[in-house]
Amino acid sequence: MAQESISLDNAKVATPAPLSWHGNSLRWKFGCAFGGLILLLGICVMGIVYYLTGTALQRQVDLRAAAIATNLSDAAAGHVSRKNVLELDALIAKYGRLDGVAYAFIQDSKGEVIAASLQPFPIELKEAPSGRDQRSPASRTTNLRGKSIYETRVPLLDGQLGAIHVGLWADPIQQDVRGTLLTILGLIGICLAVGVATAIMIATKTIRPILELKSIADNISRGHLETPVSCQSNDEVGELARSLERMRASLKAAMTRLNKQ
């Protein structure tokens, strides 16, 4: 029975105390509260910035592709109307060599490719005229040789002569977008770290007078009534210090009267 009692006592001692919010220090509570709030706001800001920045950068890519296709459409309209194939091939080759451009080609109103920067022309890029309205600009995402392409289409003379197609490589664009987003998110992360550190410093500075008053209250409870309680603050902590000083003075006066008796 004695051994069983000892083993039960050891089991009780070895059992860890459950963690609770009320059992932690004020410094921990303030730090977690302020730090958690800053982290929550930071995560929300990072999500919003990620979405808005990604959308804005993709919009800039679409505008660049549309500008290239529009310039090509203006330059090629006369050649298409005169069916000047040599000039069209030279013009398409020139635009096909632009930085980031995967291909460029001209499709007539019947859906036939009359000039292209890629030879031989990949049949998967050919767009049926009945599939889309040739008289309105459009964009799509397609694949070429296993790589993603952002393609933009603009009409030639309101679609009467066909349409211009310009494709941009998606990988470099996505890398640029990711690089920009990571830089922005990194800066936000640094700001969050600084904010959390500042919150912990503020929490530590805020509770320091409370910890000092706790130490003074402990000394008073042990009978040390000679040291006065002083606090220059005019807030609630200062009121608590003045109340503690009145209590110390009252206890000291009571002890003095008892000693005289």
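Readers should treat all values here as calculations from the given coordinates under stated rules, not as data from a laboratory. None of these values were measured; they are calculated from a predicted model. Neighbour counts run over all protein chains shown; Cβ positions are idealised from the backbone, glycine included.
Nearest 10 degrees, 0 to 90: what angle lies between the long axis of helix 2-14 and the longest principal axis of the chain (Cα atoms)? Result, in degrees: 50. Test of understanding: given the chain, find the longest segment containing no GluC sites (Glu not before Pro) that are in a DSSP loop and have at most 12 other Cβ atoms within 10 Å. Longest gap between qualifying sites, sites excluded: 113-225. Working from Cα pairs under 8 Å separated by at least six residues, relative contact order for the stretch 151-207 is 19 percent. Once the other residues with Cβ under 13 Å from the Cβ of Y150 are scored (Lys, Arg +1; Asp, Glu -1), what is the net sum? For residues surrounding Y150, the net value is +1. Taking trypsin sites (Lys or Arg not before Pro) in DSSP loop conformation with at most 15 other Cβ atoms inside 10 Å as exposed sites, the chain has its longest uninterrupted site-free stretch at 1-82.
Farthest toward the positive end of the dipole of the chain, out of S139, Y51, G223, is the Cα of G223, where the dipole comes from beta carbon charges about the Cα centre.
Put a plus charge on the Cβ of each Lys and Arg, a minus charge on the Cβ of each Asp and Glu, and nothing anywhere else: the dipole of the stretch 46-155 about its Cα centre is then about 80 debye. Relative to the Cα centre, the charge distribution of the chain, modelled as +1 at Lys and Arg Cβ and -1 at Asp and Glu Cβ, gives a dipole magnitude of about 920 debye. Distance between the modelled labels on Q232 and L157, one decimal in nanometres: 8.7 nm (7 Å Cα→Cβ projection). Relative to the longest principal axis of the Cα atoms of the chain, helix 26-82 runs at roughly 10 degrees.
If the segment from K126 to K252 were pulled out straight at 0.36 nm per residue, it would be longer than the present Cα-Cα gap by 35.5 nm. Using +1 at the Cβ of each Lys and Arg and -1 at the Cβ of each Asp and Glu in the chain, identify which of M201, V101, A170 lies farthest towards the dipole's positive end. Going by the charge dipole, the pick is M201. Compared with the direct C-alpha span, the chain from R145 to V194 gains 13.0 nm at full extension, assuming 0.36 nm per residue. Just to confirm a number: summing +1 for Lys and Arg and -1 for Asp and Glu over residues other than T70 whose beta-carbon lies under 14 angstrom from that of T70, what do you get? Its environment carries a net charge of -1. Distance between the pseudo-spin-label points of W28 and L187 (7 Å out from Cα toward the beta carbon): 3.8 nm. Relative contact order, whole percent, for the chain stands at 19, derived from Cα pairs under 8 Å and 6 or more residues apart. Once C-alpha pairs closer than 8 Å and six or more residues apart are averaged by separation and normalised to the residue number of the stretch 115-261, the relative contact order reads 11 percent.
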